[in-house]
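To start, the structure under review is shown below, and the notes come after it.
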Amino acid sequence: MKLVDGSQMAAVDAASQNEYGIPDIVLMEDAAIKAYERFCHVAPHDDARLLFVAGKGNNGGDALAMARHAFSDGSRVEVVSATTGFGRLAEVHRRVLDALGVSVSVWGSSEAEAMIGRADVIFDGLSGTGVRPPLRGSVVSLVERINASDAYVVAIDVPSGVGDGYRAGHPAVRADLTLTIGLPKRSLYLPAARPLCGRVEIVRIGFPPALTDGAELRDELADEKSVRGLLPKVPPEGYKGSRGRVGVFAGAPGTTGAAILCAGAAARSGAGLVYLHVDEAVYPVVASHLVSVMSRVLPSGEPVDVSRFDSLLVGPGWGCDGRRGLLERLLESDTPGVLDADGIRILSQLPVRDLGSRWILTPHPGELAALAAGEIGAVLDDPYEVGARVAARYNAVVVLKSHVTFVISPDGAVTVVDGMNPRLGTGGSGDVLAGIIAGFLARGAAPAAAAVCGAFVHARAGRLASERGWFLAEDLLPIVSRAAADIEGAQRA
């Protein structure tokens, strides 16, 4: 599904009206009906007192129109306004509410304060993507009051205060549920903003598909539909020699677990053969733990022939001492690869080089900051910009690992894989992710496709593992194959 910023969403809205003749009041009514229906579906609210908080603009108009539908549905409805005046569309819906006998209390009055205090559900329609953060003025006190309430909070389109340019610490509504209208917004998935959104539900309305699915909208929010078909099909006659060979360079004394995890994940992602190259000192450990992965001792001082491999995976638990020369030789090969952990740390200390669009870098925020020669705060503030800069600088795909995962191509196109699974944030989880991506790469997937599928399968495996509670990284391994099979189901059929 396409992922847009505020200006792109505004352009879709304007083109729907100007090119297709859909009146703005019709689009607002469609948004209100479908958003209210989606709320009813995901958050049953029998006998709840519903409070709609409206700003003066179109986001407030959405809230007022939803209030009317809730009132007609038999719910107990109250409305608080952040302003004494509304914009053109919002005023239409305010007049209808007035005719229905639903009064609107202005924030600052004792009645408005009482309404917030007794609300079971608060719908936030204060501001949308058209308001650039940070919020200012009296609306900030209203946001603070909403956040201090005990009510279940539903954000309409975006939590007020969240938008392009949102930064940690800006005033913003903290929602339990976000009903984002039309298309998902990039700002919802900023690391600092995502925890404010709660569950995100995308409410598709009557925008023409030619506008919402157009190639000019390059960014994507990964979902099952968009991910299926990215991996090359495995023919019925496929066998281990035709499904790709992965060469893994990982592990050192004390960090053999990383090597075992990443190699095992590569094997479970459908790659035909996986070879793990380690120092002689740790060979007995990894060889005794791996049955289906072939362990090899790295020859001391001798070049390693990687021409027979279809993908490489370099860096998990590798250590940095004495690895620079080998890493440089591996990067110079024509074989595509995944560079993770210590491999990224070494790369950040080398002169910047063109990786020929063959490599996938899988940094966490601190490692991305090192590659960008910047501060981790800049990465967390705007991973879209920093990630695109690093992807272009190295001509490589960047997979930024966080509670939201960003897959960024050298041309700046971004795919977001939503996460928000703290149980997946366990030691070794990143090694499993790197292995999955390397396995998909060996099977013939393009680097960006392998990265997106890998991140999506990793997130799915984490959700499946979470059904049993807290888990260890090794618990993910048997689930990886199941999660990968899920996105390949349509191809098998």
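The values are calculated or read from the model by the stated rules, or taken from the named source; none is laboratory data. Being a predicted model, the structure only gives us computed values, none of them experimental. Glycine gets a Cβ as well: all are built from the backbone with ideal geometry, and neighbour counts include every protein chain shown.
Observations
- Filter pass, residue 217 being part of a loop (DSSP other than H, G, I, E, B) and in contact with a Phe, Trp or Tyr (Cβ under 9 Å, 6 or more places away or on another chain): no
- Neighbours by Cβ (under 6 Å, 6+ apart or cross-chain): first from region 373-391, buried (at least 24 other Cβ atoms within 10 Å of the Cβ); second not aliphatic (A, V, I, L, M): 379/365; 383/406; 387/406; 391/410
- When each of 22, 33 is tested for being surrounded by fewer than 21 Cβ atoms within 10 Å (Cβ to Cβ), in contact (Cβ under 8 Å) with a residue 40 or more places away in the chain and either more than 27 Å from the chain's Cα centre (by Cα) or assigned to a helix (DSSP H, G or I) (or both), the lone residue that passes is 22.
- Of note, residue 192 does not satisfy the criterion of being among the aliphatic types (A, V, I, L, M), assigned by TED's automatic domain parsing to the domain that holds residue 37 and part of a helix (DSSP H, G or I).
- Qualifying residues in region 202-213 (those that are surrounded by 14 or more Cβ atoms within 10 Å (Cβ to Cβ) and assigned to a loop (DSSP other than H, G, I, E, B)) - the one nearest to the chain's Cα centre (by Cα): 204
- Any chance residue 408 is under 20 Å from the mean Cα position of the chain (by Cα) and touching a residue at least 60 places away in the same chain (Cβ under 8 Å): no
- Taken over region 305-341, the criterion of being in a loop (DSSP other than H, G, I, E, B) and without any contact (Cβ under 8 Å) to a residue 40 or more places away in the chain is satisfied by 305, 307, 320, 321, 322, 323, 333, 334.
- Filter result for residue 135 (outside any loop (DSSP other than H, G, I, E, B), modelled with pLDDT of 95 or more and surrounded by fewer than 24 Cβ atoms within 10 Å (Cβ to Cβ)): no
- Remark: residue 427 matches the filter, which requires a residue to be under 23 Å from residue 472 (Cβ atoms) and assigned by TED's automatic domain parsing to the domain that holds residue 454.
- Residues satisfying the criterion are present in region 286-300 (criterion: of a type in the set (Val, Ile, Thr), buried (at least 18 other Cβ atoms within 10 Å of the Cβ), more than 24 Å from residue 410 (Cβ to Cβ) and modelled with pLDDT of 95 or more).
- When 47, 24 are checked against the criterion of being more than 30 Å from residue 140 (Cβ to Cβ) and in the same structural domain as residue 173 (by TED's automatic domain parsing), a single residue qualifies: 47.
- Between 238, 247, 251, the distinction of being closer than 22 Å to residue 330 by Cα and either assigned to a loop (DSSP other than H, G, I, E, B) or under 26 Å from the mean Cα position of the chain (by Cα) (or both) belongs to 251 only.
- Subset of region 369-403 [among the hydrophobic types (A, V, I, L, M, F, W, C) and under 23 Å from residue 439 (Cβ atoms)]: 391, 396, 397, 398, 399, 400
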